[in-house]
1. With springs connecting C-alpha atoms under 10 Å apart, model the chain as a Gaussian network and identify which of D266, D93, D212 has the largest mean-square fluctuation.
2. Identify which of A194, A128, A173 has the largest mean-square fluctuation in a Gaussian network model of the chain, with springs joining Cα atoms closer than 10 Å.
3. Report, in whole Å, the centroid distance computed from the Cα atoms of the stretch 113-150 and the stretch 176-202.
4. Under 10 Å, Cα contacts only: if you run a Gaussian network model on the chain, which one of L64, L198, L226 comes out with the highest mean-square fluctuation?
5. Using DSSP to define loop residues, name the GluC sites (Glu not before Pro) in the stretch 121-198 whose beta-carbon has at most 11 other beta-carbon atoms within 10 Å.
6. How much of the accessible area of the chain, probe 1.4 Å, is carbon plus sulfur, in whole percent?
7. In nm, to one decimal, how far is the Q77 label point from the V45 one, both placed 7 Å along Cα→Cβ?
8. Of the options N176, V144, F163, report the single residue whose Cα projects farthest towards the positive end of the charge dipole of the stretch 142-187 (beta-carbon charges: Lys, Arg +1; Asp, Glu -1).
Amino acid sequence: MTIPRIARRGWRTPIALLGGATMIALCAQVPASATVDERATTTTVSPYDDDYYKDAIGKTGDELKTALNGIISNNEQLSYDEVWDALKVTDEDPDNSSNVIELYSGESVSKDNNGGGSGQWNREHVWAKSHGDFGTATGPGTDVHHLRPADVTVNSTRGNKDFDEGGEEVEGAPGNYTDNDSFEPRDEVKGDVARMILYMAVRYEGNDSYPDLEPNDEVENGKNPLHGRLSVLKEWNEADPPSDFEKNRNEVIFEQFQKNRNPFIDHPEWVADIWK
């Protein structure tokens, strides 16, 4: 399978963070000239490898997935109301500390213009909350690693659709596409979306009171605790490596809110190590 839009538009350039929280470098940068295969096989080095990830280093497949679940599952949890304030910090516009960046549109909008009305931003569940029927209860419904600011109307257009390629361009969010059973985000956040979905699949394994969330290669998953399309998500992870914004977001969630990390931001190569 190819990724025609990314291939046609070229690789994105990571944004520079100015103002707001200071970005802490987490992974070795991959040269912009690297091919997709080189990006996929490059092993990143995280400053957390010697402590936070020590039980995962050197593992692959189910052993790696199990080790990561043990590492990231002991996290602090927020209420759904607290998510509003968290997103104002995690998704702050690095060029304007009064604003947040909307996930799909990429627009910078006032932090205070949040709610449920047209023109406002709300809390988008990237892993659709109906996929596993967990709603907005504390746990997967309030996990900030997959909750992002999104324009209310665009969020409604995405709905609970699985992720795939194709469709008509979304009104109000150029570069995003949708059809009757899937949603394709803009190139600049394709990898972000993939790593959020796969984080959820590792964090929520059904060994607590929450559903066992798993990726699959289907669309129209309904209320099943499944999200697709895995083959496309894997390609997006390779084609769109973590940006400075995404790395900073991971750091802020770890330091200020949940005390856990998205391992696929620190080690994007672990996606291919687990889902072969």
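1. Its mean-square fluctuation being the largest, the pick is D212.
2. Maximum fluctuation in the GNM of the chain, among the listed residues, is at A173.
3. 14
4. The residue with the greatest mean-square fluctuation here is L64.
5. Details: sites: E124, E165, E168, E169, E171, E188; in loops: E165, E171.
Passing sites in the stretch 121-198 are E171.
6. On the way: 5360 of 11430 Å².
Carbon and sulfur: 47 percent of the exposed surface of the chain.
7. Taking the simple label geometry, Q77 and V45 are separated by 3.8 nm.
8. Comparing the listed Cα positions along the dipole, V144 ranks first.
The values are calculated or read from the model by the stated rules, or taken from the named source; none is laboratory data. Note that the structure is predicted; figures quoted are calculated from it, not measured. Positions of Cβ are backbone-derived with ideal geometry, glycine not excepted, and every protein chain shown enters the neighbour counts. When the accessible area is computed, the model is the full protein with side chains, heavy atoms only, and any ligands, DNA or RNA have been set aside. Shrake-Rupley method; radii C 1.70, N 1.55, O 1.52, S 1.80 Å.
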